[in-house]
Amino acid sequence: MSIAISIMTISLLVALLVTPLVAKLAYRFDMLDRPDGHRKLHSKVTPLGGGMAVLIGYGAALGLIYYYCLTQPIEGFDTQSLFGLIAATLVVAVTGVIDDKWGIRGRQKLAGQALAAITAVAFGLQIQSIELFGVPIQLGVLAIPFTMGWLVVTTNALNLIDGVDGLATTLGIIYCMAFAVMAWLTGHLFDAFCGLALAGSLAGFAAFNLPPARIFLGDAGSMLIGFTLGILSIRSCLKGPTSFAMVGPCLVLAIPAFDVCMAVLRRKLTGRSIYATDRGHLHHVLQRLNYGPRRTVLFVGGLAVICSVAAIVSVFTQNEWLAAFVLLSILAGLVLSRTFGFHECKLLLTRISRVGGSLLTLRSSEPGDALPIVTQMNGRLEWERLWSALVEFSQVCGIQTIQFNVSSPSIGEEYHACWESPHKLSVEHRQWKTEIPLFADDINVGQLVLTGQALDGATFLWLSELLEGLKPFELQMRDLLEMDRVDEQDLAASTSIVRPKNQSASTV
């Protein structure tokens, strides 16, 4: 017990002392997070690099653990595991620092995370089998990809949920303590000590990161937490050398993992890249429900505590069905109450219904009416009227598909709609596609994506006429943004869209 207290105390005090110094260095080296009025809506310039303070505190505690383990035999400790943990953690931390300082693309960040996962695997971390409700499943050749995938998912889960002062830090403390207890219950004392070390360091950093934050974790910090939790979740729940009891860790990490799943669904089903940024995460949704930063941290942290306690009880009682019941209850509650995930699940069910219907429809069948997929995730503006006029224009002008994505955090609007003509392209290789960014003064409203079949004649001529026909749409969009509420008759009178001269009135 005394060594556990010493580990947490050392990491806490070191992080508490070095965080102000790291903040000063962040100002000196211009490692700062500046508000941009679009996605970053915090009120003032704030230093990044908090991850370095957490890493230093964590490293100091790991040094104490190493010294203690050399003098006392500890279950689960070996030099290779410790050095592998340190090496992999440094790789992911360096990736985060590079992103904090210079900014890198999503796929480059993903490559850095994969390199860190490879490093961990190279030092012996590997899940060769998983156990679900008492049933062992051998992974075979999938062992290494599964292990790497688990680490990358946990890394991004904490990275993506880091959007409110103190949220990722609070979740990190809760999860580290949970895995420390689970490791202790399963006899992995070394991993329990590692969990306490990171929890202590995060607690010291939290003094500067809770609302209102004086320094941010940055990607270095959030990825460090997520990656370390991924390793701890594996090692604390091993049954035997390489058999992973999966239900407990899944319950502990349920909230950030669900947030990642909904983000991927939201972006893919609305035609955007999974690397695209938006403000549709759980903490953003809570803020739109008038949850302040502290209340958001308390709400999400409360869910994390419930999940963690249930996971610990399930490990202690060896009852995985309890964990599964709590997991499904919490996620179903979030979706069915429309607090979070409702729109994404609705989009998924609609897409599944469409795909199922297409499998039952013969290619030679007569085309039916085209039903658009529409969802307004946030905001109060009446985009539906504008969208209806756009669909009418597309039907008249022979456009094959349209995607209308409004994603504008600065005005609190998010609306997604897509439509596909029931008349398929007659000549596949003559398909064209254009992506049109939508702006209103200095507001980045979103994007309009159109596809269709190229007409005979000069390409740029009929494309220019197509764009000319969309000018009224842009004007109506600007008018809509200038009004809180638009009179229905005035809007109806303004929705006539000019048809390009060379476009046929029939669809292809």
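The residue that is nearest to G187 (Cα to Cα), among those in the range 63-116 that are small (G, A, S) and not in a helix (DSSP H, G or I), is G76.
In the range 96-131, of all residues being of a type in the set (A, V, I, L, M, F, W, C) and without any contact (Cβ under 8 Å) to a residue 24 or more places away in the chain, the one that is nearest to N156 (Cα to Cα) corresponds to A111.
Applying the condition of being surrounded by fewer than 14 Cβ atoms within 10 Å (Cβ to Cβ) and out of contact with any strand residue (DSSP E or B) (no Cβ under 9 Å at 6 or more places or on another chain) to the range 42-62 and asking which residue is modelled with the highest pLDDT yields K44.
All of I161, I130 fail the test of being surrounded by 15 or more Cβ atoms within 10 Å (Cβ to Cβ), over 20 Å from the mean Cα position of the chain (by Cα) and under 20 Å from V252 (Cβ atoms), apart from I130.
Assess whether I255 counts as being at pLDDT 95 or above, on the phi < 0 side of the Ramachandran plot and either within 16 Å of the chain's Cα centre (by Cα) or not in a strand (DSSP E or B) (or both). When the stated conditions are applied, I255 passes them. Can we say A304 is modelled with pLDDT of 90 or more and not basic (K, R)? Judged against the criteria, A304 is a match. Tell me, yes or no, whether the range 489-506 has at least one residue that is modelled with pLDDT of 70 or more, in the same structural domain as L390 (by TED's automatic domain parsing) and over 25 Å from P422 (Cα atoms). No.
Picking from residues in the range 285-338 that are assigned to a helix (DSSP H, G or I) and polar (S, T, N, Q), the one that is nearest to D162 (Cα to Cα) is T296. Scanning the range 157-174 for residues that are polar (S, T, N, Q) and over 13 Å from V260 (Cβ atoms) turns up T169, T170. Look at the range 263-277: where a residue is more than 19 Å from L450 (Cβ to Cβ) and a partner is among the β-branched types (V, I, T) and assigned to a helix (DSSP H, G or I), sitting 6+ places away or on another chain with Cβ atoms under 6 Å, you get I274/V264.
Among the residues of the range 327-367, those identified as modelled with pLDDT of 95 or more and of a type in the set (V, I, T) are I330, V335. The number of residues in the range 408-434 that are modelled with pLDDT of 85 or more and more than 19 Å from W462 (Cβ to Cβ) comes to 8. Taking M8 as meeting all but one of (1) in contact with a strand residue (DSSP E or B) (Cβ under 9 Å, 6 or more places away or on another chain); (2) modelled with pLDDT of 90 or more, write down the number of the exception. All conditions are met except number (1). It is to be established whether one or more residues within the range 31-39 are part of a helix (DSSP H, G or I) and either in contact with a strand residue (DSSP E or B) (Cβ under 8 Å, 6 or more places away or on another chain) or at pLDDT below 95 (or both). Among the residues of the range 31-39, not one is part of a helix (DSSP H, G or I) and either in contact with a strand residue (DSSP E or B) (Cβ under 8 Å, 6 or more places away or on another chain) or at pLDDT below 95 (or both), which makes the answer no.
Residue-wise test of (1) more than 14 Å from I231 (Cα to Cα); (2) in contact with a Leu (Cβ under 7 Å, 6 or more places away or on another chain); (3) modelled with pLDDT under 95; (4) of a type outside the set (A, V, I, L, M, F, W, C).
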| residue | (1), (2), (3), (4) |
| --- | --- |
| Y68 | yes, no, yes, yes |
| A88 | no, no, no, no |
| G103 | yes, no, yes, yes |
| L115 | yes, no, no, no |
| S129 | yes, yes, yes, yes |
| G134 | yes, no, yes, yes |
| Q138 | yes, no, yes, yes |
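In the range 99-114, the qualifying residues are those that are surrounded by 16 or more Cβ atoms within 10 Å (Cβ to Cβ) and not charged (D, E, K, R), and the one that is farthest from L48 (Cα to Cα) is A114.
The values are calculated or read from the model by the stated rules, or taken from the named source; none is laboratory data. Since this is a predicted model, take the numbers as computed values, not measurements. Don't worry about glycine lacking a Cβ; one is built from the backbone with ideal geometry, like all the others, and counts go over all protein chains shown.
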